[in-house]
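Beneath this line is the structure, given in structure tokens, with notes to follow.
The values are calculated or read from the model by the stated rules, or taken from the named source; none is laboratory data. All values reported here derive from a predicted model rather than from experimental measurement. FYI the Cβ positions are ideal-geometry reconstructions off the backbone, even for glycines, and counts take in every protein chain you see. To get the accessible areas, we keep the full protein, side chains included, count just its heavy atoms, and leave off ligands, DNA and RNA. Shrake-Rupley method; radii C 1.70, N 1.55, O 1.52, S 1.80 Å.
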Amino acid sequence: MIKQLNFGQYRHKNSLIHLLDPRVKILSVLFLSILIFTISGYEILIFTIFVIILLILSKIDLMNLVFNLKVFYSFMLFMLIMYLLFARNQIQDGLLVIWRFFMVILLSYVLTYSTTLSMLIAAVEKLAIPLSLFGVKPRNIGVLISATIRFIPVMFVNASRAKDAINSRLGSFKEVKTVKIFMVLLLERMLKSASNLADAMYSRLYNEDAKSSLALSMGKYDYISVTSILILALILIIY
């Protein structure tokens, strides 16, 4: 099961997108994800071409992309079936919704493909600095996101082990009782992992006021990328 967790993994490439400041990439993905839901018609075609250019600049292998997105195909197919069954007269709008969803997935893939987890966490901490005015610790936000991302594969591993334990005892997942046992085992393992993480942080004298040691700075390519996105937004809005 853990081998299927390929989406979102960083790949080292000597590409323009990899060189960009992670703060620029995070804010750009958020902005573009909002923008895609405010446009329609030929504007989506222009937006799609822009996303394809990003994929090319990121040097993402096409087969790798198709394989890693397979976890989303069933969900998009489910959305299409729901429109066919319950809103057939709105099937065109449904296809647009599915395509917008697909564009957001591609943008997220470019972000995680071209940015290491440590850089993402450092960028989130920097972006969360204004929240310190309201008593929120940027360090805590970064650690929370980091722990969440790292706990995803841990959850799948624990789920696989709990499933194997139940199968070894001839349990049937067709029974509600077995499903309850599975959920209890999974929850118990996840809480134990969380407790171990808390103990490790406590033993290492975790300081919520500490700052990330990674230095982030914007270069000319960052300003060029921001300008390009703003120009794209203006074209789509005016168009």
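Of the solvent-accessible surface of the chain, computed with a 1.4 Å probe and all protein chains present, 69% belongs to carbon and sulfur. The candidates V154, V71, arranged from most to least accessible area with a 1.4 Å probe in the full protein assembly, appear as V71, V154. The Cα center of region 139-200 and the Cα center of region 45-71 differ in position by 32 Å. Taking a ≥ b ≥ c as the square roots of the Cα gyration tensor eigenvalues, the chain comes out oblate, since a/c reaches at least 1.5 and a/b does not exceed b/c. Which links in K13/K126; K163/K192; K126/K220; K13/K70 stretch past 27 Å when you go from one Cα to the other? Beyond 27 Å: nothing from the list.
Output the peptides 27-34, 103-110 sorted from most to least packed, where packing is the average of other Cβ atoms within 10 Å over each peptide's residues. Mind showing how you got there, number by number?
Details: 27-34: 16.1, 103-110: 18.8.
With the highest mean Cβ count within 10 Å placed first, the list reads 103-110, 27-34.
Once each part is reduced to its C-alpha centroid, what is the distance from region 202-237 to region 107-132 in angstrom? So the two Cα centres are separated by 7 Å. Counting only protein heavy atoms and a 1.4 Å probe, the chain has 65 square angstrom of accessible area per residue. Maximal additional length on extending the I52-M218 stretch stands at 57.4 nm, based on 0.36 nm per residue less the C-alpha distance. Among M183, M76, M218, the residue with the largest mean-square fluctuation in a Gaussian network model of the chain, with springs joining Cα atoms closer than 10 Å, is M183. Could you work out the local net charge near Y113, counting Lys and Arg as +1, Asp and Glu as -1, over the other residues with Cβ closer than 14 Å to its Cβ? Result for the local shell: +3.
In terms of the Cα gyration tensor, with a ≥ b ≥ c the square roots of its eigenvalues, is region 104-239 rounded because a/c is under 1.5, prolate because a/b exceeds b/c, or oblate? Note, shape of region 104-239 comes out oblate. What the Cβ-Cβ distance of R204 and K70 gives, at R0 = 41 Å and to the nearest 0.05, is a FRET efficiency of 0.60. Across the chain, C-alpha contacts under 8 Å between residues 6 or more apart give a mean separation that, scaled by the residue count, equals a relative contact order of 32 percent.
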